[in-house]
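Read through the structure below, which is laid out as structure tokens, and then see the notes.
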Amino acid sequence: MEFDVDKHVKSYWNRFTGLTGIKEEFTDATSGHSTRTSKFLGGLDLDPIIPELNKYYSVKEGEEKYPRRAMFKTMVWRKTKNIKYYTRTENHLNTHSDEAIELGFNIDQNGNVIVPDHETLRHFEKIRLGNEGLDSIMELFCIKVVGAGDKLGLKIGEKTGTDSTPIQVPNDTAGVYNGHYKKKMVKAHITEDYDHNIPLAKKVCGGTDNDNQYLEDMLRNTSVSAKKNMRETWFDGGYNGNKNIALALVSTDLSG
């Protein structure tokens with residue numbers, strides 16, 4: 001019997017990414033058969049994170065002016081499109097109503113899409129969710145992704161690596177000038193699955209903080225979703241304290 005590669009790939013991505021209700025023409029989206037980001041995100045199943053997202057609203061889902069699912073997808077859309085300014089996000093959605101609809105925003109009685117202004121978009125990310133909310137939601141996504149990988153025979157989290165990267169924030173009060181990088185910045189610590197390029201933990205810290213103090217939290221956060229899979233881990237020399245070496249051995253079961 002001939003093996004249907006296309007059918008296999010489509011089935012894999014449907015299960016692995018959590019896409020639901022997507023039309024046949026783009027479930028196999030590739031560089032040669034692409035789809036726009038808003039349409040792809042329109043099919044993203046947010047049910048696994050909704051209980052957490054609901055904690056940041058005082059009204060029940062459906063009672064808010066701007067649907068919380070649409071707001072979350074717009075945040076992902078903005079970051080994926082590498083759009084820096086919320087004003088530009090607002091303008092784009094106002095001039096591309098089809099994309100705003102795909103992201104899940106409502107339509108008024110006159111047929112106009114109800115798009116949030118730039119301050120509402122900023123408030124959702126920076127104030128309503130903030131770092132705490134985003135970290136909690138990322139953790140839920142990681143649990144979902146690792147679980148989906150297990151069902152497909154992918155041991156996500158088996159080989160991980162941790163490093164920090166500078167993020168320039170010239171207009172943010174959280175930024176600190178770092179003489180080595182010669183910029184006002186914060187650091188983002190990322191622990192990632194090496195085989196599948198999937199981030200499993202993140203932490204943002206001060207721009208001049210010593211990396212060594214953060215590895216323990218990174219490994220513990222990674223273990224929430226991937227503990228049973230963790231076998232090998234690598235980390236930058238900035239984390240190379242004796243305590244961290246011992247923790248790495250215990251976290252990945254290399255000691256026994």
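The values are calculated or read from the model by the stated rules, or taken from the named source; none is laboratory data. Keep in mind that what you see is a predicted model, and the values were worked out from it rather than measured. Please note: Cβ atoms are built from the backbone with ideal geometry, for glycine as well, and neighbour counts cover all protein chains shown. These area figures cover heavy atoms from the full protein model, side chains too; ligands, DNA and RNA do not enter into them. Shrake-Rupley method; radii C 1.70, N 1.55, O 1.52, S 1.80 Å.
Data overview
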{"quantity": "Heavy atoms of Leu154: accessible area, 1.4 Å probe, square angstrom to 10", "calculated": "40"}
{"quantity": "DSSP beta bridges in the chain [antiparallel fraction, %, rounded to 5]", "calculated": "85"}
{"quantity": "Percent of Cα-Cα distances greater than 16 Å, calculated over the range 111-157", "calculated": "59"}
{"quantity": "Assigned charges on the beta-carbon of Lys, Arg, Asp, Glu; the chain dipole about Cα centre (debye)", "calculated": "500"}
{"quantity": "For the range 108-256, Kirkwood radius (reciprocal of mean inverse C-alpha pair distance, Å)", "calculated": "17.2"}
{"quantity": "Residue with peak Gaussian network fluctuation, the chain [Cα springs, cutoff 10 Å], from Ala174, Ala226, Ala201", "calculated": "Ala174"}
{"quantity": "GNM flexibility winner over the chain from Gly161, Gly43, Gly130 (Cα, springs under 10 Å)", "calculated": "Gly130"}
{"quantity": "Highest-fluctuation residue, Ser38, Ser58, Ser97 considered, GNM on the chain with Cα pairs under 10 Å", "calculated": "Ser58"}
{"quantity": "Per-residue ³J(HN,Hα) for the range 157-163, Karplus 6.51 cos²θ - 1.76 cosθ + 1.60, θ = phi - 60°, Hz, x for Gly and Pro", "calculated": "x, 5, 10, 10, x, 10, 7"}
{"quantity": "Relative contact order, percent, the chain [alpha-carbon distance under 8 Å, six or more residues apart]", "calculated": "13"}
{"quantity": "Unit charges at the beta carbon, dipole of the chain: most positive-side option, Ser97, Thr191, Leu46", "calculated": "Thr191"}
{"quantity": "Length gained when the stretch Lys243-Lys60 is fully extended (0.36 nm per residue, less Cα-Cα span)", "calculated": "61.3 nm"}
{"quantity": "Over 30 Å [Cα-Cα, the chain], rounded percent", "calculated": "39"}
{"quantity": "Overall dimensions of the range 98-191 as given by Cα atoms, namely Rg and Dmax in Å", "calculated": "19.2, 56"}
{"quantity": "In Å², nearest 10: area of Arg220 left accessible to a 1.4 Å probe", "calculated": "130"}
{"quantity": "10 Å beta-carbon shell around Asp236, net charge (K/R +1, D/E -1)", "calculated": "-2"}
{"quantity": "Hz values of 3J(HN,Hα) by residue in the range 180-192 - Karplus curve (6.51, -1.76, 1.60), Gly and Pro given as x", "calculated": "5, 8, 6, 7, 7, 7, 10, 10, 10, 8, 10, 10, 10"}
{"quantity": "C-alpha center-to-center spacing [the range 129-178, the range 207-238] in angstrom", "calculated": "11"}
{"quantity": "Environment charge of Asn212, counting only residues whose C-beta is closer than 14 Å and scoring Lys/Arg +1, Asp/Glu -1", "calculated": "-3"}
{"quantity": "Expected 222 nm ellipticity per residue - DSSP helices of 4 or more, -39500 (n - 2.57), all of the chain, to 500", "calculated": "-12000 deg cm²/dmol"}
{"quantity": "Cα-based Lys pair tally, the range 107-206, threshold under 27 Å, eight or more apart or on separate chains", "calculated": "27"}
